[in-house]
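First comes the structure, then the notes that go with it.
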Amino acid sequence: MTKSELIARLAGRYPQLVAKDAEYAVKMVLDAMTQSLVSGQRIEIRGFGSFGLNHRPARVGRNPKSGEKVHVPEKFVPHFKAGKELRERVDGELEGERPHAG
């Protein structure tokens, strides 16, 4: 699902919500989540999952074209961990679509 699909679905589900308001709401939520991560905070949405930051220390990498060694600086990368309820719902929904072994 893309951001525009999310906005369209939100506007379709709540007819009293103008599409522009749905777009604003989605933008505000995503901006707030981004700002929380930028400030080093963890985000937890019960029943869905949590977002946090993983630290990747500096290292020596290799340029795949030339084979030359390059310094890769340390960085923080966003990380999502699905909550138990989300994992169970996805597994339950997809279970009927998977061929069973045996």
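Taking the stated definitions as given, is Glu95 surrounded by 10 or more Cβ atoms within 10 Å (Cβ to Cβ), modelled with pLDDT under 95 and charged (D, E, K, R)? Judged against the criteria, Glu95 is not a match. Before we move on, is Gly83 at positive phi and either surrounded by 12 or more Cβ atoms within 10 Å (Cβ to Cβ) or touching a Ser or Thr at 6+ places or on another chain (Cβ under 6 Å) (or both)? No: the conditions fail for Gly83.
Quick one: how many residues across the stretch 42-56 are open to solvent by 60 Å² or more (accessible area, probe 1.4 Å) and either more than 30 Å from Val29 (Cα to Cα) or of a type in the set (S, T, N, Q) (or both)? First the steps, then the outcome.
First pass over the stretch 42-56, keeping only residues open to solvent by 60 Å² or more (accessible area, probe 1.4 Å): 42, 44-46, 48, 53-56.
Pick out the ones that are also either more than 30 Å from Val29 (Cα to Cα) or of a type in the set (S, T, N, Q) (or both) and you get 54.
Number satisfying all stated conditions: 1.
Checking the stretch 4-23 against the condition returns a match, with at least one residue being within 14 Å of the chain's Cα centre (by Cα) and either at pLDDT 95 or above or not in a strand (DSSP E or B) (or both). Of the residues making up the stretch 57-76, those that are surrounded by 10 or more Cβ atoms within 10 Å (Cβ to Cβ) and either closer than 21 Å to Met33 by Cα or polar (S, T, N, Q) (or both) are Lys75, Phe76.
How about the stretch 26-92: which strands (runs of 3 or more DSSP E) wholly inside it have at least 2 residues that are touching a strand residue (DSSP E or B) at 6+ places or on another chain (Cβ under 7 Å) and over 23 Å from Glu5 (Cβ atoms)?
Qualifying strands (runs of 3 or more DSSP E): 49-56, 59-62, 69-72, 75-82.
Annotation note: Cβ proximity below 6 Å between a residue of the stretch 26-54 that is touching a residue at least 24 places away in the same chain (Cβ under 8 Å) and at negative phi and a residue that is among the hydrophobic types (A, V, I, L, M, F, W, C) and surrounded by 14 or more Cβ atoms within 10 Å (Cβ to Cβ) (sequence gap 6+ or interchain) occurs for Phe48/Leu86; Phe51/Ile43.
The values are calculated or read from the model by the stated rules, or taken from the named source; none is laboratory data. Just so it is clear, the model here is predicted, and its values are computed rather than measured. Cβ: placed from backbone, ideal geometry, glycine included. Neighbour counts: every protein chain shown. SASA here: full protein model, heavy atoms, side chains in, ligands and nucleic acids out. Shrake-Rupley method; radii C 1.70, N 1.55, O 1.52, S 1.80 Å.
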